[in-house]
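One structure is given here, and the rest of the page talks about it.
Only the coordinates and a few stated rules stand behind these numbers; no lab work does. Bear in mind that the values here come from a model prediction, so they are computed numbers and not experimental data. Heads up, the Cβs are rebuilt from the backbone with ideal geometry, glycines too, and the neighbour counts pull from every protein chain shown.
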Amino acid sequence: MTQLPLLLLIVLSSLLGGVLSVLAAAFFAFSARAAWVPLLVSYAIGALLGAGFLEILPHALEQGASAEGIMVAVLLGILGFFVLEKLVIWRHCHSEACEAHGAPSHDHDHGRSGLMIMIGDTFHNFVDGVIIAGAFLSSVELGIITALAIIAHEIPQEVGDFMILLHSGYRKRTALMFNLVSSAATLVGGIVAYFALQSVTGWIPYLLGVAAASMIYVAVADLIPGLHKQPEIHITAQQVSLIGAGVASIWLIERLLGSLV
């Protein structure tokens, strides 16, 4: 595949991934279907874990880099995302809310400003674009799967941001504009990473390790704890089923793409 189609795929995946996530989140946040968000969270956990363990890490190990080096990248990635979250970049927690309620959450922090949401989400979306580009530079199949996994977890997160903006007094149109502008950072990250990684292809396996770390961290540290707030057996069974569906969908998509790409 020539460079132009590959760059075009990165641009389209980054652009569509960002915009589709925001529009889908707006659909749920602006309607009664927000009740479906917990179901999306469970599915997103499975999609993230499936993409990280079944697709991204195996591809990283196939790139020729040492397994130890890739595992170090995963470890450093997890620690790095923990530090970023502590520095109030990803979840924009005010220190008062953290001290009063423990771990920050979308439900606790309705006083966050639109500017803080923009800063944190813009950085997060830029990193998503870098991850998408790195995956496409490894293989088209992996790039598509990575973009789908990112979209899966972005939707419930964006719904939370929409709800916070609305509860803080922003109009629906303003909240939508903020999130669309922030989503453009995914495209910027994808383009920057494409040109940067073209000259340092040896970094791609380690970037994939960091990409896997981001998905594992979001699933395990951010999303799974919220599921424990509903310990009922029937809800737990539903959550496990949806997590399994998320994993299975990644496996199925990989098989389908493997026969087409």
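If we count other beta carbons within 10 Å of each Cβ, what is the order of Ile56, Ile145, fewest first?
Ile145, Ile56
Return the loop-located GluC sites (Glu not before Pro) in the range 126-181 (DSSP other than H, G, I, E, B) with at most 10 other Cβ atoms within 10 Å of their own Cβ; answer none if there are none.
Passing sites in the range 126-181 do not exist.
Once R0 is set to 30 Å, what does the formula 1/(1 + (r/R0)^6) return for the Cβ-Cβ distance between Phe30 and Phe123, expressed as a FRET efficiency to the nearest 0.05?
0.75
Rank these for me by crowding, Tyr170, Tyr43, going from fewest to most other beta carbons within 10 Å.
With the sparsest Cβ surroundings first, the list reads Tyr170, Tyr43.
Bin width 10 Å, origin at 0, all Cα-Cα pairs of the range 158-261: what percent of pairs per bin?
All Cα pairs considered, the percentages come to 11, 22, 35, 26, 6, 0.
Kirkwood Rh and Cα-based Rg: tell me the resulting Rg over Rh for the range 1-80, rounded to two decimals.
Rounded to two decimals, Rg/Rh equals 1.09.
Extending each Cα 7 Å along its Cβ direction at Met71 and Trp251, get the distance between those two points in nm, one decimal.
So the label points at Met71 and Trp251 sit 2.4 nm apart.
Can you put Phe82, Phe136 in order, fewest other beta carbons within 10 Å first?
Phe82, Phe136
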